[in-house]
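Only one structure is covered here, and it is reproduced in the block below.
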Amino acid sequence: MDVPIPSPLDDPANAAHAWARFRRLMKLMAWVSLGVVLAIWAYFYAAFGMISIHFYIATGLGIGLTMMLGGALMGLAFLSSGTGHDEAVEDPLSDQHDW
């Protein structure tokens, strides 16, 4: 049986650097999301006036959480790829096909 390839994230220094970078990306994404939500709210208020507080809450949560979820998923993909964690995963089917 083959010895598994260790992940670079097993090293605490690499993991700390990667997670710090992920947290920085998420903080930036939170500020961008807040800016977009405020801009959309300003547009809706200028175009339609005060519709309903529930409309503004739902719009803010919908846009903000969608942007944060997208940022988190992309950030995790960047974290996994940037640290070399993806290369440490072994494909059990890699020797079965020549393509």
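Compared with the alpha-carbon gap, the fully stretched path from Val32 to Leu65 is longer by 10.7 nm at 0.36 nm per residue.
This ranking places Met68, Met74, Met50, Met29 by how few other beta-carbon atoms lie within 10 Å of each, fewest first, which gives Met50, Met74, Met68, Met29. Here region 11-84 was treated as a single set of alpha-carbon atoms; its pair distances binned every 10 Å from 0 give 19, 38, 22, 14, 7, 1 percent.
Throughout, read-outs are computed from the coordinates displayed, never taken from laboratory work. Note that the structure is predicted; figures quoted are calculated from it, not measured. Here Cβ is always computed from backbone atoms with ideal geometry, including for glycine, and neighbour counts include all displayed protein chains.
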